[in-house]
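A.B. asks: Quick one: the structure is below, and I'll ask about it shortly.
The values are calculated or read from the model by the stated rules, or taken from the named source; none is laboratory data. Fair warning: this is a prediction, and the values are worked out from it, not measured in the lab. Heads up, the Cβs are rebuilt from the backbone with ideal geometry, glycines too, and the neighbour counts pull from every protein chain shown. These accessible areas exclude ligands, DNA and RNA; they are computed on the full protein's heavy atoms, side chains included. Shrake-Rupley method; radii C 1.70, N 1.55, O 1.52, S 1.80 Å.
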Amino acid sequence: VINVTTRSGQGVTTPHGDVTASYGTFGTSNGGFNLAYGGKTWGNFISANTLNSGRFLDPPEFTVMHDHGNEQNLFDRIDYQFGDNDSLHLNLNFTRSWFQNPNSYDQEYHPGLTNPITGNPLGPADQRSQIKTFDFAPSWTHIINPNSVLTFGAWWRQDQFNYYPSADPFNDFSPDLQSETVTQSRRLLNVGARSSVSYVNGVQRI
């Protein structure tokens, strides 16, 4: 069991944060920053990072073909304390990723196959995907007494997935792999709530 507490800017009267950057093989670069600031009864912590890579997914071949992708993440946590016993927290999150679907040798070169309309050799398949996630999660904490804490939280999260075929639909054809061109857009929505009461007395915890 892992209890995770998100970083907060409450009590950070002097703003401070971090900036990071790195670069590696396959043209992989990423950068990010986080910043915390606030006062005695309020605070804000924000974090953002981005990734860009020429090998975003594991390719089906030893050679990496058509595998570029990027990702962006943005997270913000807002805290406000009403009094000694009550505090409100709000987590906001947005994530986006865009990436090419890696090609096999057949999808990249189409040996011996031609466009039935133009008669030209088929070009590489250019199938791509995009995922977006939005998350909104408020919570309330109430200290009942020195031994007991009540927590109530809710969340609203939506995931959106888009699949994009090649601009030339014939380039998606590959024997034994794919015989059609497909486009897709789908969403998944999660809404829920949770509540818990914690009691601690000496070495006993409920």
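A.B. asks: Which residues, taken from segment 105-130, are open to solvent by 60 Å² or more (accessible area, probe 1.4 Å), outside any loop (DSSP other than H, G, I, E, B) and either among the aliphatic types (A, V, I, L, M) or in contact (Cβ under 8 Å) with a residue 24 or more places away in the chain (or both)?
C.D. replies: The answer is Tyr105, Asp106.
A.B. asks: For the subset of segment 37-82 comprising residues that are among the aromatic types (Phe, Trp, Tyr) and at pLDDT below 95, which member is surrounded by the most Cβ atoms within 10 Å (Cβ to Cβ)?
C.D. replies: Within segment 37-82, the match that is surrounded by the most Cβ atoms within 10 Å (Cβ to Cβ) is Phe82.
A.B. asks: Would you please name the residue that is nearest to Thr6 (Cα to Cα), looking only at residues in segment 83-94 that are open to solvent by 60 Å² or more (accessible area, probe 1.4 Å) and in a strand (DSSP E or B)?
C.D. replies: It comes out as Leu88.
A.B. asks: To continue, here is another question. I'm trying to understand the selection: among the residues of segment 156-192, which are surrounded by fewer than 14 Cβ atoms within 10 Å (Cβ to Cβ) and within 18 Å of Thr95 (Cα to Cα)?
C.D. replies: Listed by number, the residues that qualify are Trp156, Ser185, Arg186, Arg187, Leu188, Leu189, Asn190, Val191.
A.B. asks: Next question. Which condition breaks for Val12 when tested against (1) open to solvent by less than 50 Å² (accessible area, probe 1.4 Å); (2) more than 30 Å from Ser179 (Cβ to Cβ); (3) part of a strand (DSSP E or B)?
C.D. replies: Checking Val12 against (1) open to solvent by less than 50 Å² (accessible area, probe 1.4 Å); (2) more than 30 Å from Ser179 (Cβ to Cβ); (3) part of a strand (DSSP E or B), the one that fails is (3).
A.B. asks: Now for a different question. Which condition number does Leu177 fail, the rest of (1) at pLDDT below 95; (2) hydrophobic (A, V, I, L, M, F, W, C); (3) closer than 30 Å to Gly83 by Cα being met?
C.D. replies: The single condition Leu177 does not satisfy is (3).
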